[in-house]
Amino acid sequence: MRISVQIALAVSLVAALAAPATSLTIDSFEVGGFNFSDDASTVNATFNEESGLATTDVAGGVRLVRILASAAPLGSATATGVLAPLPGPTDDGAVLSVVAVPSGGAEYEFIYDGIANGLADSTAGSLNLNLSAFTSLDVAMTAVGVTGFVKVTMSANGPNAVNDQTLAIVNGVLSFPLAAFGLNLASIQEIKVAIQGIQPGEVPIVTSITAGPVPEPGTGLLFVAGLVGLGLRRRRASF
């Protein structure tokens, strides 16, 4: 029994459309390494930069981490950020924690701008990422019992050059719709992910930051599968 060219092509399309949706890695937290802290006795935040990282694991090959600890008057606070191995064969994550007396909190920020100079730049950066094919920026966290917020700020070339979104922390994945940023997604120059309002005793772990996934091919897949079925039915009827 020979299969027609139309049916063979339709089957090929089904296989292609059935492929899993892909995502773009902004930071896998699998390369590099940092272990530093900020003391609330100093006014300014502490920065740590890692450059020359694999661009398949870190957007632009540069990861700039900012930590700012805050404490009540006459109190003290120290906030720490560590890139540490996690249970599992490959997973690493950014482990964030704060120690404060009598009370305090901390803010952490991961900055991706493609500029390796050890500075927190006020410029838009030079990532040149095209995110127009993606639907969301996803921040994956282990955050049991953690309060606070995640704020994502993106910069782009063109009108409305900077915009941000803020979501409450959850244990799992926070998805920020890319369309809601109102930016030129074809020319993203800088991405900042801030973990805000972390309190003593709370230890959020950021395990990945990704863009995506592309929309699932559900409708197209059903359509092509229908064509295959129709073709087979007509072929049987011809015998």
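The values are calculated or read from the model by the stated rules, or taken from the named source; none is laboratory data. Since the structure is predicted, the reported quantities are computational estimates derived from the model, not experimental observations. Reconstructed Cβ throughout: ideal geometry from the backbone, glycine too, with neighbour counts over all protein chains shown.
Taking region 50-76 on its own, how many of its residues are at pLDDT 95 or above and assigned to a strand (DSSP E or B)?
Matching residues across region 50-76 total 9.
For region 162-182, how many residues are within 17 Å of the chain's Cα centre (by Cα) and either closer than 22 Å to ILE115 by Cβ or part of a strand (DSSP E or B) (or both)?
Number of matching residues: 13.
Among the listed residues THR135, THR142, THR80, THR147, which satisfies the condition of being touching a strand residue (DSSP E or B) at 6+ places or on another chain (Cβ under 9 Å), of a type in the set (Ser, Thr, Tyr), surrounded by 13 or more Cβ atoms within 10 Å (Cβ to Cβ) and within 16 Å of VAL65 (Cα to Cα)?
On the way: THR135 fails: within 16 Å of VAL65 (Cα to Cα); THR142 fails: within 16 Å of VAL65 (Cα to Cα); THR147 fails: within 16 Å of VAL65 (Cα to Cα).
Within the list THR135, THR142, THR80, THR147, the selection yields THR80.
Are any residues in region 51-74 crowded, with 16+ Cβ neighbours inside 10 Å, within 10 Å of VAL31 (Cα to Cα) and more than 15 Å from the chain's Cα centre (by Cα), and if so, which ones?
Hit for region 51-74 is LEU53, nothing else.
Please pick out the residue among ALA106, ALA77 that is over 18 Å from the mean Cα position of the chain (by Cα), more than 25 Å from LEU137 (Cβ to Cβ), of a type outside the set (Lys, Arg) and assigned by TED's automatic domain parsing to the domain that holds PHE34. Working first, answer last.
Numbers: ALA106 fails: more than 25 Å from LEU137 (Cβ to Cβ).
Just a single option satisfies the conditions, and that option is ALA77.
Looking only at region 219-234, decide whether some residue is at pLDDT below 95 and among the hydroxyl-bearing types (Ser, Thr, Tyr).
yes
Would you tally the residues in region 200-214 being modelled with pLDDT of 95 or more, under 18 Å from SER175 (Cβ atoms) and surrounded by fewer than 19 Cβ atoms within 10 Å (Cβ to Cβ)?
0
Could you check, for region 151-161, whether at least one of its residues is within 23 Å of THR22 (Cα to Cα) and in a loop (DSSP other than H, G, I, E, B)?
Within region 151-161, none of the residues are within 23 Å of THR22 (Cα to Cα) and in a loop (DSSP other than H, G, I, E, B).
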